[in-house]
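Right, one structure below, let's go through it.
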Amino acid sequence: MMPYHTGKKKKKLKGGMKKKKKKMGKKKWEREENLMTFDILVKKVLKHEGGYVNDPSDPGGETKYGISKRAFPNLDIKNLTEEQAILIYYDEYWLDAKVDKLPDKLHEIYFDMVVNMGKSRAIKILQEACNHKAKKELLKVDGRIGSKTISASKKVEQTRVQSFRVKYYANLVERKPTLIKYWYGWYKRALTT
C-alpha cells in the first residue's frame, strides 16, 4: 500500500458520507477525497505513459512511467519502480501543480497535462482557456498557478481546456514536424482525459 493511500474505496464511503465527513472533520475528509482522486487518476496516467522508453526523438528523452531523465536528471530512470513513480507524481506533479485546488471537473485533464507537457505549459493552456471563456484577457498567461487562475478555472469547461490542449499539440507539430509521429497519440489522449 502506498504511503499517500488511505486504503478506502469511494463506493464504500458513498452511503454514509455526510456522517463520515462530520465525524472526520472537513480538512481530513478533503484530504481523503483528494487521495482517492489521485489514486484513480495516477492509474490512468500510468496506463497512458507505459513503461521504459529511450526514443532519441522524444523531447523527454529516456522515460519510464512518464518520468523523464530530462525532468529528473539525477534519477536512475531505467530502474525506477512504479511505486517510486507514483510518489514522484504525487509530490512533484499533483501537489506542486495544485491539482486539488482546481474544480473536480478539471482534475483529470489538468493532471494529465502537467505530466505530459510539464507544469508551466499545462498552466498556460489552462489560463488561455480561461481567458477565452471570459472573452478577455482575465489572466496573465505566465505558467504560474495562483488564486486568480484557480478562481477563473471554476468557470471554464473541461471541453474548452481540451480544445486548447489539442491546439497546443497542433501548433507544436507545425513548429517541429519531426514530432508528427506523436500527433495522433497526443490527440487521442487529449480527447480521452
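Taking the range 41-141, how much of its Cα-Cα pair set, in percent, is spaced more than 20 angstrom apart?
Numbers: 2053 of 5050 pairs.
Summing the P(r) tail past 20 Å for the range 41-141 gives 41 percent.
The Cα atoms of the range 60-102 cover 32, 19, 14 Å along the three principal axes, with the biggest extent listed first. Once the C-beta distance of VAL141 and VAL53 is scaled by a Förster radius of 25 Å, the resulting FRET efficiency is 0.20 to the nearest 0.05.
Take TYR52, TYR168 and sort them by solvent-accessible surface of the protein heavy atoms, 1.4 Å probe, largest at the top. If you can, show how the numbers build up before the last one.
Working: TYR52 85, TYR168 45 Å².
Ranking TYR52, TYR168 by accessible area, largest first, yields TYR52, TYR168.
Checking the Cα-Cα distances for LYS69/LYS176; LYS136/LYS167; LYS64/LYS133; LYS78/LYS167; LYS148/LYS176; LYS44/LYS181 against a 30 Å cut-off, the pairs over it are LYS64/LYS133; LYS78/LYS167; LYS148/LYS176. For the range 48-87, trypsin sites (Lys or Arg not before Pro) are listed when DSSP marks them as loop and at most 10 other Cβ atoms sit within 10 Å of their Cβ; the list is LYS78.
Share of pairwise Cα-Cα distances greater than 16 Å in the range 150-189 is 41 percent (whole percent). For the range 137-193, applying the loop criterion from DSSP together with a ceiling of 16 other beta carbons within 10 Å to the GluC sites (Glu not before Pro) yields GLU137, GLU157. Here's the list of aspartates and glutamates a cross-link from LYS43 could span, going by alpha-carbon distance under 12 Å and ignoring same-chain residues fewer than 8 apart: GLU82, GLU83, GLU108, ASP112.
Counting heavy atoms of the protein chains alone, MET36 has an accessible area of about 10 Å² for a 1.4 Å probe. With just the Cα atoms defining each centre, how far is the range 45-100 from the range 118-193? Give it in Å. Taking the Cα centre of each part, the range 45-100 and the range 118-193 sit 21 Å apart. Evaluated at q = 0.18, 0.21 Å⁻¹, a Debye calculation over the C-alpha positions of the range 109-183 (equal weights, vacuum) places log10 I(q)/I(0) at -0.68, -0.89. Solvent-accessible area of SER147, all protein chains in place: 100 Å² (probe radius 1.4 Å, heavy atoms, ligands and nucleic acids excluded).
Return a whole-number percent for the relative contact order of the range 40-146, with Cα pairs under 8 Å and 6 or more residues apart as the contact set. Could the numbers behind the result be given before it?
Details: 105 pairs, mean separation 17.5, N = 107.
Rounded, it is 16 percent for the range 40-146.
The values are calculated or read from the model by the stated rules, or taken from the named source; none is laboratory data. For clarity, every value in this text was computed on a predicted model and none was experimentally measured. For neighbour counting, all protein chains shown are included, and Cβ atoms are generated from backbone atoms with ideal geometry for every residue, glycine included. SASA here: full protein model, heavy atoms, side chains in, ligands and nucleic acids out. Shrake-Rupley method; radii C 1.70, N 1.55, O 1.52, S 1.80 Å.
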